[in-house]
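Below: the structure, in structure tokens.
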Amino acid sequence: MAKLKASLTSDQLMAYFDTNASTELVVDASPVGLAAILYQITGDKRRIISYASRVLTPHQPGKDNPADYMSQHPANMSTLAAEATSVTESYVSFITSHAVPKAMTLTEIKQQTVLDNDLQQVIGAVVNNNWHAIANTTAYRSYWHIREELTAISDGDILLRGNRLIIPKNLQQRAIDIAHQGHQGIVKTKQLLREKVWFPGIDNLVEEKLSKCLPCQAAIPSDKQEPYQMSELPDCPWQNISVDFCGPFPSEEYLLVLIDEYYRYPLVYVVTSTSAKATISKLEHAMSLFGIPDVIKTDTGPPFNSRDIC
Ligand SMILES: [Zn+2]
């Protein structure tokens, strides 16, 4: 246990693959899951390069089910050998150290997890495989439906949902603040947050908080913008042209980029203004070289919504 605690607090980072180092692949299977960890040995240190795990089937909970313990503890996939145990420790350490949001420490999360009433009840239920004991509690209502994804670790100071750290109540607001820093809107902030952490009501809390944030409201349209769509190939060159600005750059210049959708050939003008006037003069130059296209595609923002351009 002391070793596990040490490895949990250690600063174990994902290493890059080194073609000169010796490589080991450890795989493990249980009736409920598969796990694989690729690690390399440099000196006397073992560093995880990558890991993968899969839960195979849903299971029936119950004390008589021998698979139950395993599926309740997916990170603890093997109890067969010391070798596998140490790999499991690395795996858990890997998950926990990578799931900690920036500007928050694992020590803080552990301390608050110990102080969090709900989390302590859930950890007790997971460890003892006895959800009866906490029936009718808030903790039961929030966690029972995801019980198969939960793993409790070490001295009851870490609870995982799959690969994600469950954040105790006292730190939830801060976890959201951290993910919210870039003001990327509700959808992105939720994504960012849920990559690494989870707690009950996470989506509602993000929505509640960000719905009052003006910069995030402004970010909503760009969330809904589709990524580049494939458009149909025109019949000939210079028939369909798309026009867009890139910048401003530190020099306060912009690039006016015209792309012929047939050849995908870009025509780039450096401009100091995105005004309709400046844009028109460049478009006229392009047309004097290649002729007048059938279709010019733009976004609907300025200057393309200007009367001068129509
Ligand atoms: Zn915001």
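The values are calculated or read from the model by the stated rules, or taken from the named source; none is laboratory data. Source: prediction; values computed, not measured. Reconstructed Cβ throughout: ideal geometry from the backbone, glycine too, with neighbour counts over all protein chains shown.
The set of residues in region 183-200 that are away from the ligand (no atom under 15 Å from the Cβ) and over 14 Å from the mean Cα position of the chain (by Cα) comprises F199, P200. Among the conditions (1) at pLDDT 85 or above; (2) assigned to a strand (DSSP E or B), the only one that L255 does not satisfy is (1). For region 142-193, the tally of residues that are hydrophobic (A, V, I, L, M, F, W, C) and free of Cβ contacts under 8 Å to residues at least 12 places away in the same chain stands at 0.
Residues are listed down the side, and each one gets a yes or a no for (1) modelled with pLDDT of 90 or more; (2) under 30 Å from S242 (Cβ atoms); (3) away from the ligand (no atom under 13 Å from the Cβ); (4) of a type in the set (K, R):
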residue	(1), (2), (3), (4)
K169	yes, no, yes, yes
Q181	no, no, no, no
I202	yes, no, yes, no
C216	no, yes, no, no
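Go through region 137-220 and tell me which strands (runs of 3 or more DSSP E), entirely inside it, have 1 or more residues that are buried (at least 17 other Cβ atoms within 10 Å of the Cβ) and among the acidic types (D, E). Those strands (runs of 3 or more DSSP E) do not exist here; none qualify.
Residues that are within 16 Å of the ligand (Cβ to nearest atom) and closer than 19 Å to L115 by Cβ are absent from region 145-162 altogether.
Within region 270-299, the set of residues being more than 42 Å from the chain's Cα centre (by Cα) and among the polar types (S, T, N, Q) comprises S281, S288.
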